[in-house]
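To start, the structure under review is shown below, and the notes come after it.
The values are calculated or read from the model by the stated rules, or taken from the named source; none is laboratory data. Since the structure is predicted, the reported quantities are computational estimates derived from the model, not experimental observations. Glycine gets a Cβ as well: all are built from the backbone with ideal geometry, and neighbour counts include every protein chain shown.
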Amino acid sequence: MNFLPLWRYQNQLIDGAIVTLELTVIAALAGLLIGVAGAVALNGRITPLRWLVRGYIELFRNTPSLIQIFIVFFVLPTFGLKLPAFEAAAVALSLYFGAYSVEIIRAGLDSVPKNQIEAGQCLGLSGWQVFRHILLPPALRNAYPAVTSQFVLLLLGTSLASQVAADELFHVAGFIESRTYRSFEVYAVICAVYFAMAMSFKALFAIIGLAAFRWPRRR
């Protein structure tokens with residue numbers, strides 16, 4: 001084993017890691033917005049909209065995310081919508097993450113006791129005020145662990161973007177391996193980088209969870 005030949009590619013590795021993080025954060029934020037909107041739609045009274053959201057969830061949860069990326073990158077151009085590799089991967093991963101987020105957030109909303117909602121309505125709060133101040137905070141707290149776990153899976157899943165030549169970490173690994181022929185060393189380093197990023201996010205989310213969603217102490 002000899003890791004020294006990889007040192008000259010440190011800048012490419014750093015750039016690839018940054019692209020991976022950017023792709024993850026963009027897809028997660030967009031997916032969370034989809035998740036909140038979809039969860040509200042599922043709990044709403046508009047039946048066609050509920051069917052549409054349910055179909056979206058089943059489609060993206062029961063098909064390979066790699067195929068979803070391929071469809072956005074290779075198929076959409078036939079309809080006049082051509083996206084660069086990074087944007088195509090971001091769109092596909094956002095829709096993928098959103099499909100899981102809908103169910104996670106919906107479960108969080110359903111976990112809020114109905115009497116709390118009724119109490120807010122009795123106080124004269126509007127529907128938006130009930131949702132914003134009574135329903136959403138405990139729902140997010142209950143959904144937080146599952147959302148953060150899904151975020152880490154999304155981080156690891158960004159490696160699929162390499163199949164459309166997005167310049168993320170795994171694509172950079174293939175480039176370096178083709179230049180150095182050090183397969184073990186290259187993928188050992190890449191594995192370590194993914195592991196470090198995943199564990200760092202887990203630690204960060206744990207700290208945020210303790211600070212933002214701490215349960216009141218019982219006396």
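Would you mind stating whether G120 is out of contact with any helix residue (DSSP H, G or I) (no Cβ under 6 Å at 6 or more places or on another chain) and free of Cβ contacts under 8 Å to residues at least 24 places away in the same chain? So G120 does not fit the description; no.
Among the residues making up the stretch 4-55, those that are over 23 Å from S159 (Cα atoms) and crowded, with 16+ Cβ neighbours inside 10 Å are V36, G38, A39, V40, A41, L42, V53. Look at the stretch 20-35: where a residue is on the phi > 0 side of the Ramachandran plot, no partner that is among the charged types (D, E, K, R) and in a helix (DSSP H, G or I) sits 6+ places away or on another chain with Cβ atoms under 6 Å. Restricting attention to the stretch 115-131, the residues that are surrounded by 14 or more Cβ atoms within 10 Å (Cβ to Cβ) and either small (G, A, S) or under 16 Å from N43 (Cα atoms) (or both) add up to 4. Total residues in the stretch 132-160 satisfying the condition of being over 14 Å from the mean Cα position of the chain (by Cα) and surrounded by 17 or more Cβ atoms within 10 Å (Cβ to Cβ): the figure is 7.
In the stretch 85-101, the residues that are farther than 15 Å from S149 by Cα reach residues that are not in a helix (DSSP H, G or I) with C-beta atoms within less than 6 angstrom, at least six apart or across chains, in these pairs: A85/A165; A85/A166; F86/A166; A89/A166. If you go through the stretch 77-114, how many residues are within 26 Å of S159 (Cβ to Cβ), surrounded by fewer than 16 Cβ atoms within 10 Å (Cβ to Cβ) and charged (D, E, K, R)? Qualifying residue count for the region: 2. Among the residues of the stretch 51-80, which ones are within 28 Å of I105 (Cα to Cα) and aliphatic (A, V, I, L, M)? If the condition is that a residue be within 28 Å of I105 (Cα to Cα) and aliphatic (A, V, I, L, M), then L52, V53, I57, L59, L66, I67, I69, I71, V72 are the ones that fit.
Restricting attention to the stretch 1-19, which residues are among the aromatic types (F, W, Y) and touching a residue at least 12 places away in the same chain (Cβ under 8 Å)? Once the filter is applied, which keeps residues that are among the aromatic types (F, W, Y) and touching a residue at least 12 places away in the same chain (Cβ under 8 Å), the stretch 1-19 yields F3, Y9. Of all positions in the stretch 101-113, none carries a residue that is out of contact with any strand residue (DSSP E or B) (no Cβ under 7 Å at 6 or more places or on another chain) and over 22 Å from A143 (Cβ atoms). The conditions of being closer than 30 Å to V189 by Cβ, aliphatic (A, V, I, L, M) and at pLDDT 95 or above are met by I67. Scanning the stretch 161-171 for residues that are out of contact with any His (no Cβ under 6 Å at 6 or more places or on another chain) and either in a helix (DSSP H, G or I) or buried (at least 17 other Cβ atoms within 10 Å of the Cβ) (or both) yields A161, Q163, V164, A166, D167, E168, L169, F170, H171.
Looking at the structure I just gave you, is S94 among the polar types (S, T, N, Q), within 18 Å of L42 (Cα to Cα) and either in a helix (DSSP H, G or I) or out of contact with any Pro (no Cβ under 6 Å at 6 or more places or on another chain) (or both)? When the stated conditions are applied, S94 does not pass them.
Return a yes/no flag: does the stretch 41-63 have any residue that is small (G, A, S) and closer than 22 Å to A166 by Cβ. Checked the stretch 41-63: no residue is small (G, A, S) and closer than 22 Å to A166 by Cβ.
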